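The values are calculated or read from the model by the stated rules, or taken from the named source; none is laboratory data. The structure displayed is predicted, hence computed values, not measured ones. For neighbour counting, all protein chains shown are included, and Cβ atoms are generated from backbone atoms with ideal geometry for every residue, glycine included. Please note that ligands, DNA and RNA were not included when accessible areas were found on the heavy atoms of the full protein model with its side chains. Shrake-Rupley method; radii C 1.70, N 1.55, O 1.52, S 1.80 Å.
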Number of protein chains: 2
Amino acid sequence: MLCGDSELAEGSIWEAAEHAGSEGLANLTAIVDVNRLGQRGPTRHGWDTGAYARRFGAFGWHTIEIDGHDPGQIDFALGDARNTRRRPTVILAKTRKGEGVLEVENREGAHGKALKDPDKAVQELGGPRSVRVEVQRPEVDAAPFRFAGDGMKLPSYQVGEQVATRTAYGAALAALGSARGDVVALDGEVADSTKTETFAKEHPERFFEMYIAEQQLVAAAVGLQVRGWKPYAATFAAFLTRAHDFIRMAGVSGADIRLVGSHAGVAIGEDGPSQMGLEDLAMMRTVHGSTVLYPCDANQTAALIAEMADLEGVSYLRTTRGDTPVIYPPGERFTVGGSRVLRHTPGDRATIVAAGVTVHEALAAADDLQADGIPVGVIDLYSIKPVDTAVLAEAATTTGNLITVEDHRAEGGLGDAVLDAVSELGPRVVKLAVTDLPGSATPREQLADARIDRHAIADAVKRLL
Amino acid sequence: MLCGDSELAEGSIWEAAEHAGSEGLANLTAIVDVNRLGQRGPTRHGWDTGAYARRFGAFGWHTIEIDGHDPGQIDFALGDARNTRRRPTVILAKTRKGEGVLEVENREGAHGKALKDPDKAVQELGGPRSVRVEVQRPEVDAAPFRFAGDGMKLPSYQVGEQVATRTAYGAALAALGSARGDVVALDGEVADSTKTETFAKEHPERFFEMYIAEQQLVAAAVGLQVRGWKPYAATFAAFLTRAHDFIRMAGVSGADIRLVGSHAGVAIGEDGPSQMGLEDLAMMRTVHGSTVLYPCDANQTAALIAEMADLEGVSYLRTTRGDTPVIYPPGERFTVGGSRVLRHTPGDRATIVAAGVTVHEALAAADDLQADGIPVGVIDLYSIKPVDTAVLAEAATTTGNLITVEDHRAEGGLGDAVLDAVSELGPRVVKLAVTDLPGSATPREQLADARIDRHAIADAVKRLL
């Protein structure tokens, strides 16, 4: 693994150093090009390879400091790294940036700029040469180990039961792990909250504790899928923002990873806004090629967790902390890009579009409105991306009035996904979402305060009509 | 500063440790509660305070390992920390989680759970006591140092000049620094690209090089505003995703910070998707209480940079790498929440809404359409949040056809902001945005490939009509 000296200022480097050092990854060798110059100017430590050696050494690495322009020292260092046991090795190679080309050698202000006289530079470097080095190729086609699997027996819940979707996630992932030998799970030291612990207990050999290090959580998932595994990585939805750049780059790199964010929205109740996932749908929707799912009940969660195993790209499922009633019978299939029309009559005057915890609020609001003589439809939009454009278009062109309701900020979430899907049809859309800063209160109080509960939905429908 | 042992796995801790150690912050004392138990189970290093001491020591900190339950050792450690010069100190306090309460002391599975028998716990701890400790209060009302300032002379550019908005940002910030003694700037080791270097050269005493450490970049800005400074922190828009959680928490905490993201969108050209800010508008719009600005020319940029100085909350300005024509005369005022109607006739058949680099594409498309006998309006929506709902509503109800165009992913950006503003009015809206994965090409080719250039806009208008 090659990296620059300048990027050693990045916290993610030390998350990785701690992880590799603690695991004693002797087959990992990092080579740091210590050329003392960042993009803008000198780095903090310049050519002081000892400063880096002390840091890596403290994190449990074997360190070697060399002149990066001396082939003999390079050869020695690589041999030493290969022969090192029980520890990863870092080779700190002191170099001069642009070595051998007078115009740029060891000079500031030359980063990322074309040479003024490239022909002269080629001559300085010894003229055109055709050097070809054959290196030993890694055995990329070696079949990865697979754990044995037996038939799929997803957990099933009875309609009317009260079950948290995070609980269903844990149980479904454990069942998926039993059925498929390629499923692995990672968690950011909150497996008892996310419920990844159910998988960890049944399949300890395939569970990876990543501690409070969300960038490593995502990075390790990306690494595992390179070797053909099906990684599921979970933490609180709010804490996935720590790994935003890693998730973005997983999308750019075409990695197939599955993320699960728990404790979504104000519905977590008392713990306050720092713990509430209120930006996760927006963050995950913008990721290139991503899939974003948000189930409302335990059976739907189990089905979608199984569905994610064979998805390409970055997929994300959002879970709820508290119990919600089971509304779908066990065994129903939920396809990515689909939705469920939960209420519909030809006389519907509006359609409420919800997902997750707000589906239950929407159903209650529809009951209240029906009692007031106002029939409305309800759509469970469990697939936020891709979104069920056909069903939304149908609602937009029949009732012409849509009310979206989500336990997420008003920007970039379910409401925006619906607006985008029907934008060329021109229905009237009222978007209910979290707009203020929540405090600490019970889940029911939070939903009411954020104006996304059954009463707020009914009010919005009446206002629109 | 107090932190837990479990969170020492987080990379941001070591970014901060490197920063504090390198700066020799002797007035900083970190106290780590080493109780060996994370939320889910044991930490990596348990009670091995030496493991933490080696790491902090390597980063240049003075380290003290103590029994965290021994008042004598605590007193000694705090005194030692106060007397330490030229280095920050970390006190690694070995403790037993829940000390003194049998039900939970040093036990796993008790994190964040209520006690079964709280009365018994109070008795075990010695019964109800009323201990009140008076500590020395920090001098919070001490007036911070202010640099002298003179009159505001923002840079001005002539209409028709070709100037990159990032260049205008650097020049405007330098001018703002000359006018106001409370303005400070930070950059993530890319000041030659973002152009914060213009400020750094004129006001080196108020410029902070944060190296490649975006979480520290934002954290330091938050710290500076606590003391009454007006911090502007810049890096590539794409790299701000590294600091997403810090930005989110700055919003939750009510911090007044100003962020500037350069190299927005596919318009950067050749450097590829890892360097392109394509998710930044979505990320910044979801932040509680945020302001999101995206100027299209140099004079507008200068005006908005000055405007940001007195904004509350997290504000963000997006800049473009390449030169764009100056279209506004110097000295115009641009208010937050405003917009500019650049083209409008009573016969407009549609309205194009753009910002930043796409404003110039929209103007060119409008010219082409006019030549084809199709008059269209053009709005420069430089304030993405808050958005100019009145002007958008006017367009939505007069032409009834809106085309939004942005150099950003289709999710959560300008298009969604427009859809949200006019959702209850029901216009037809076509959203043009980046939907595929860009490669490496010239800026003009990139805009064409992403279908957000003048030709794509004109095609979209014709398709809609």
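Points worth noting:
- The set of residues in the stretch A:259-289 that are crowded, with 24+ Cβ neighbours inside 10 Å and over 20 Å from A:Asp323 (Cα atoms) comprises A:Leu259, A:Glu279, A:Asp280, A:Leu281, A:Ala282, A:Met283, A:Met284, A:Arg285, A:Thr286, A:Val287.
- Test: residue in the stretch B:196-211 that is over 10 Å from the mean Cα position of the chain (by Cα) and under 17 Å from A:His244 (Cβ atoms): no
- Selection from the stretch A:175-195 of residues that are within 19 Å of the chain's Cα centre (by Cα) and either more than 24 Å from B:Cys3 (Cβ to Cβ) or aliphatic (A, V, I, L, M) (or both): A:Val183, A:Val184, A:Ala185, A:Leu186, A:Val190, A:Ala191, A:Lys195
- Residue among B:Ala20, B:Ala26 that alone is open to solvent by less than 20 Å² (accessible area, probe 1.4 Å), more than 9 Å from chain A (Cβ to nearest Cβ) and over 17 Å from A:Glu189 (Cβ atoms): B:Ala20
- For A:Leu392: the one exception among (1) at pLDDT below 95; (2) closer than 13 Å to A:Thr351 by Cα; (3) more than 11 Å from chain B (Cβ to nearest Cβ): (1)
- Looking across the stretch A:83-101, the residues that are in contact (Cβ under 8 Å) with a residue 24 or more places away in the chain and either under 29 Å from B:Ala9 (Cα atoms) or under 32 Å from the mean Cα position of the chain (by Cα) (or both) come down to A:Thr84, A:Arg85, A:Arg86, A:Arg87, A:Pro88, A:Thr89, A:Val90, A:Ile91, A:Leu92, A:Ala93, A:Lys94.
Condition check ((1) aliphatic (A, V, I, L, M); (2) more than 28 Å from the chain's Cα centre (by Cα); (3) closer than 30 Å to B:Thr301 by Cβ) across all residues:
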| residue | (1), (2), (3) |
| --- | --- |
| B:Gly109 | no, yes, no |
| B:Glu124 | no, yes, no |
| B:Met152 | yes, no, yes |
| B:Thr165 | no, no, yes |
| B:Leu173 | yes, no, yes |
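- Residues that are in contact with a strand residue (DSSP E or B) (Cβ under 7 Å, 6 or more places away or on another chain) and more than 26 Å from B:Gln225 (Cα to Cα), drawn from the stretch B:280-313: B:Cys296, B:Asp297, B:Ala298
- Scoring A:Gly254 on the criteria (1) within 9 Å of chain B (Cβ to nearest Cβ); (2) open to solvent by 10 Å² or more (accessible area, probe 1.4 Å); (3) touching a helix residue (DSSP H, G or I) at 6+ places or on another chain (Cβ under 6 Å) leaves a single failure, condition (3).
- Qualifying residue in the stretch A:367-376 (condition: at the interface with chain B (Cβ under 8 Å from one of its Cβ atoms) and either touching a residue at least 12 places away in the same chain (Cβ under 8 Å) or within 25 Å of A:Pro346 (Cβ to Cβ) (or both)): no
- If the condition is being among the hydroxyl-bearing types (Ser, Thr, Tyr) and in contact with a Lys or Arg (Cβ under 7 Å, 6 or more places away or on another chain), then the stretch A:315-341 contributes A:Ser315, A:Thr319, A:Thr320.
- Residue check for A:Thr399: of a type in the set (S, T, N, Q) and either within 14 Å of chain B (Cβ to nearest Cβ) or open to solvent by 20 Å² or more (accessible area, probe 1.4 Å) (or both): yes
- For the stretch A:33-60, the set of residues classified as closer than 26 Å to B:Val218 by Cβ, more than 8 Å from chain B (Cβ to nearest Cβ) and in contact (Cβ under 8 Å) with a residue 60 or more places away in the chain consists of A:Leu37, A:Pro42, listed by residue number.
- Looking at A:Ala364, A:Ala390, just one residue is touching a helix residue (DSSP H, G or I) at 6+ places or on another chain (Cβ under 8 Å) and among the aliphatic types (A, V, I, L, M), and that residue is A:Ala364.
- Exactly one residue out of A:Phe246, A:Phe236 is open to solvent by less than 20 Å² (accessible area, probe 1.4 Å) and of a type in the set (Phe, Trp, Tyr), and it is A:Phe236.
- Options A:Asp119, A:Asp75; residue that is without any contact (Cβ under 8 Å) to a residue 12 or more places away in the chain, farther than 25 Å from B:Glu270 by Cα and open to solvent by 50 Å² or more (accessible area, probe 1.4 Å): A:Asp75
- If you go through the stretch A:406-438 and keep only what is open to solvent by less than 50 Å² (accessible area, probe 1.4 Å) and aliphatic (A, V, I, L, M), you end up with A:Ala410, A:Leu414, A:Ala417, A:Val418, A:Leu419, A:Ala421, A:Val422, A:Val429, A:Val430, A:Leu432, A:Ala433, A:Val434.
- Pair list, Cβ < 9 Å and 6+ apart or interchain, from the stretch A:418-436 residues that are more than 9 Å from chain B (Cβ to nearest Cβ) and under 10 Å from B:Val422 (Cα atoms) to residues that are open to solvent by 20 Å² or more (accessible area, probe 1.4 Å) and in a strand (DSSP E or B): none
- Exactly one residue out of A:Val341, A:Val326 is open to solvent by less than 10 Å² (accessible area, probe 1.4 Å) and modelled with pLDDT of 95 or more, and it is A:Val326.
- Whichever residue in the stretch A:231-250 is among the β-branched types (Val, Ile, Thr) and under 18 Å from B:Glu214 (Cα atoms) and, among such residues, is nearest to the other protein chains (Cβ to nearest Cβ): A:Thr241
- Within this structure, B:Leu102 passes the test of being among the aliphatic types (A, V, I, L, M), open to solvent by 40 Å² or more (accessible area, probe 1.4 Å) and either away from chain A (no Cβ under 14 Å) or not in a loop (DSSP other than H, G, I, E, B) (or both).
- Residue check, A:Ala441 more than 11 Å from chain B (Cβ to nearest Cβ), among the small types (Gly, Ala, Ser), closer than 22 Å to A:Thr286 by Cα and open to solvent by 10 Å² or more (accessible area, probe 1.4 Å): no
- Any hit, the stretch A:6-16, residues being more than 10 Å from chain B (Cβ to nearest Cβ) and touching a strand residue (DSSP E or B) at 6+ places or on another chain (Cβ under 8 Å): no
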